[in-house]
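For reference, the structure discussed in these notes is given below.
The values are calculated or read from the model by the stated rules, or taken from the named source; none is laboratory data. Computed from a predicted structure; not experimentally measured. Here the Cβ positions follow ideal geometry from the backbone for every residue, glycine too, while neighbour counts run over all protein chains shown.
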Amino acid sequence: MKRRVPSSPRGFTLLELMVASSLSLIVLAAALWSAAELQRRGTFEESLMEAQNTLRAVRELLVVELQRAGMGVGSARMVFGRTGALIDQRYAITVSPEERFDGSGLFAKDDKFQPPPADYGTRISDALQVWSWDSEAVDAFGTPIGMVPLTLCTHAPNASDLYRSGNELCANAAPAAIKNRLVMVVRPEMRTSCIMRVTSVAQDTASPYARITVSPGLVEGQTALTGPCTSTAAGLPPDDRVFWGNDKTGGFILLMRGSAFRVNWTSKVPVLERQDLSSDTTAPPANWVALSQDVEMIRLRLGVMTDLTDPTSPVLWFPDEKATPSRPALESCTNATCGPLVPGGWATPTPEQPSARDALMNNMRMVQVQVITRTARLDSSLIQRNGGGFLVDEDGHPRDGYKRRSSTLEIMPRNFAYAGVKVKR
């Protein structure tokens, strides 16, 4: 019987090994691609969530600032003074549309500011400035400064009518801590406040009150406007007596505080910046401080109520290009363009409403804020160009690879007169 010798076990051929290796590489590549895609999407979603959180935080910050605006002065006009022929007159809430910080808007020229690059040229932001009474100010010992009530200047001509003599204001008592401070002088029955700098405080030895020397304007070199905030060595003209006298309810000196917001593209990406404006006139100008790189644009509109006695009356938004006739930004209003837009009409200047803009600001009760944030990271697969620019999506945002979140809210500043209350004129 012949014995069979078992054959050797058969192995894989070279071709089979190559096919198997190729299939393994394909599976491994697919797995790695899936993992990378999941990681990319996770990172992108995390960035989008950060933009959403930033949107919420900025919105809450602006709500707090706008609701605080006007504390102590309300919706009255604020006479800051004049630099040369330029009249500086603002309100507690002031919007500078598409501010470029080149000296053509509300703010002085600032070489540290850059508008958006050409690809984003239409996305320049508005700048916001708010002012209020600095109710938290304290002196060197931590004592609150508070408001300083005015009193009649008995040493001055027409003493029974005036709270001011030349460049001096009179008060029963004035803390020394208001020296070198920016203040607003407010009269309850007037729709004007005068912005001044306190240069000295002294107790009058012959009279039971303090004499406070003031200089007009926000900064050195500004002079007062003609009208209620001026003063002359020979005495006050009749229209000034309307502000400084006649109103027997007196007035108050209040320390000022302010803040401003802008979006700066100096680093080629948008950066939300804030500037705190101190009442200390000896302090150097405050720097702009970066708050976030996720905010791309801020746009603001001011709402004018057509009837202050009716809370349900329509609100006219400025600017509004779709309205008929179109409404410009209130800061760019002229008597010709905005006179016909004043509820109830406006034609003749008065001490309370010297311009159509003032007449509209007297009825301003709402602020609409739009904040647009974008992700810190971009997705290059989403970029769609059209020549030298980007295509836009259904919301009007450029298809540049960034995802965006937008929020629009309407705020009623609590320190402005409430709707339903007739403002005394």
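Descriptive notes on the structure:
- Any chance Asp161 is charged (D, E, K, R) and at pLDDT 90 or above: no
- Residue list for region 260-277, restricted to those being surrounded by 17 or more Cβ atoms within 10 Å (Cβ to Cβ), touching a residue at least 60 places away in the same chain (Cβ under 8 Å) and of a type outside the set (A, V, I, L, M): Phe261, Arg262, Asn264, Trp265, Pro270
- Residue pairs whose Cβ atoms lie under 8 Å apart, separated by 6 or more positions or on different chains, with the first residue in region 195-219 and within 25 Å of Phe107 (Cβ to Cβ) and the second surrounded by fewer than 20 Cβ atoms within 10 Å (Cβ to Cβ) and of a type in the set (Lys, Arg), are Val198/Lys179; Gly217/Arg82.
- Close pairs from region 166-177: first free of Cβ contacts under 8 Å to residues at least 40 places away in the same chain and among the polar types (S, T, N, Q), partner crowded, with 19+ Cβ neighbours inside 10 Å and not in a loop (DSSP other than H, G, I, E, B), Cβ under 8 Å, at least 6 apart: Asn172/Ala210
- A count restricted to region 281-332 and to residues that are of a type in the set (A, V, I, L, M), surrounded by fewer than 17 Cβ atoms within 10 Å (Cβ to Cβ) and in a loop (DSSP other than H, G, I, E, B) stands at 3.
- Some residue of region 127-138 being touching a Pro at 6+ places or on another chain (Cβ under 7 Å), surrounded by fewer than 18 Cβ atoms within 10 Å (Cβ to Cβ), more than 30 Å from Val369 (Cβ to Cβ) and at pLDDT 85 or above: yes
- Only strands (runs of 3 or more DSSP E) whose full extent lies in region 129-224 are considered here, and the ones with at least 2 residues that are under 29 Å from the mean Cα position of the chain (by Cα) and farther than 25 Å from Asn362 by Cα are 192-203, 210-216.
- Taken over region 106-142, the criterion of being in contact (Cβ under 8 Å) with a residue 24 or more places away in the chain and of a type in the set (S, T, N, Q) is satisfied by Gln114, Ser125, Gln129, Ser132, Ser135.
- Out of Leu382, Leu409, one residue alone is over 26 Å from Pro97 (Cα atoms) and hydrophobic (A, V, I, L, M, F, W, C). It is Leu382.
- Note on region 89-120: among residues that are buried (at least 19 other Cβ atoms within 10 Å of the Cβ) and hydroxyl-bearing (Ser, Thr, Tyr), the one that is nearest to Gly401 (Cα to Cα) is Ser96.
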